[in-house]
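The values are calculated or read from the model by the stated rules, or taken from the named source; none is laboratory data. In this text the structure is predicted, and so the values were computed from the model without any measurement. Cβ placement follows ideal geometry from the backbone for every residue including glycine, while neighbour counts extend to all protein chains displayed. Heavy atoms of the whole protein, side chains included, go into the accessibility calculation; ligands, DNA and RNA do not. Shrake-Rupley method; radii C 1.70, N 1.55, O 1.52, S 1.80 Å.
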Amino acid sequence: MSQSLSNQVALVTGGSRSIGAAIVRRLSADGAKVAFTYSASPDKAEALARDLEASGGEVIAIKADSADPDAVRSAVARTAEHFGGLDILVNNAGILIRETVENYDLADFDRMFAVNVRAVFVAAQAATKHMSEGGRIITIGSVAGDRSGFPGASVYSATKGAVAAMTRGLARDLSPRGITANTIQPGPTESGMTVGGGEMLKPLLPVGRLGKDTEIAALVAYLCSPEAAFITGSALTIDGGYLA
Ligand SMILES: NC(=O)c1ccc[n+]([C@@H]2O[C@H](COP(=O)([O-])OP(=O)(O)OC[C@H]3O[C@@H](n4cnc5c(N)ncnc54)[C@H](OP(=O)(O)O)[C@@H]3O)[C@@H](O)[C@H]2O)c1
């Protein structure tokens, strides 16, 4: 693996498990110094950080619930202080509370928007204070932003549509500073979020399998590269043909 991101500092939200952990591993393998947040999985977070440090990476785990704006701001500040700057923000932390409209609890609605949408804005707002030319904001949205796909997905879809729309606005605001902002929209991907549902989902995917977390991480790494400087305000779908 080339060290194409050496001298870069990245913060990945929700990096303790699944897709977020694959992104942390990939950015670290590519040479970036990586901070990542976690909320409910301290053991997995510490194990990941120790594992990557053992292979020569510079990685720190920060406990920060994305539902808490102060915790998100502190995570950004701590990353910049610890590593001396911040170049890449990956908004990965996300939750799925699934329920049909008749039964949806408004407290769950608010939590979904706090974690999946407000935290993305708060992190971007805080991160751009530290970013300079070449900065990258990458948010993990979902194909659910374009197609609900399953019953009980109305609120999740709304959050993912919201981050795609917000990202277009961030791209307009930040382009004059040479900072790009994009959304990656995965289709069904093997992770904690899809555990147990894999067999049900497979027939919906023309490629006949779910995505791998490493495939999402590879697209993140590409968007971080200088070659991707002309991509901004985009929602990039990576879904094995699910939306085709
Ligand atoms: N899997 C899919 O098929 C799929 C498809 C499209 C989009 N996505 C999106 O991809 C992203 C990652 O999903 P995933 O499938 O990897 O989910 P996952 O297996 O449930 O993992 C979620 C990650 O986010 C963290 N997280 C959750 N709530 C958090 C909070 N309040 N504060 C901080 N971190 C929090 C978790 O850490 P802790 O355990 O430490 O809390 C964990 O590291 C999400 O934005 C999701 O919407 C997933």
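Tabulated values for the structure
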{"read-out": "Positive-end residue, the chain charge dipole about Cα centroid, Cβ charges, pick of T189, Y222, V155", "value": "Y222"}
{"read-out": "Percent accessible area from carbon and sulfur atoms, the chain, protein chains only, probe 1.4 Å", "value": "52"}
{"read-out": "Using alpha-carbon coordinates, inclination of helix 69-83 to the longest axis of the chain, degrees", "value": "30"}
{"read-out": "Heavy-atom accessible area ranking, 1.4 Å probe, most first, across F230, F83, F113, F121", "value": "F230, F121, F113, F83"}
{"read-out": "Rounded tilt (10° steps) of 213-224 against the dominant C-alpha axis of the chain", "value": "50"}
{"read-out": "Sequence-separation-based contact order of segment 11-77, relative, with Cα cut under 8 Å and 6+ spacing, percent", "value": "31"}
{"read-out": "C-alpha center-to-center spacing [segment 55-119, segment 138-187] in angstrom", "value": "15"}
{"read-out": "Virtual paramagnetic centre 7 Å along Cα→Cβ of K129, amide N under 16 Å, in segment 42-72", "value": "69-72"}
{"read-out": "Additional length obtainable on full extension of the chain from A229 to E58, 0.36 nm per residue less Cα span", "value": "59.0 nm"}
{"read-out": "Point-charge dipole on Cβ atoms (K/R +1, D/E -1) for the chain, about Cα centre, debye to 20", "value": "320"}
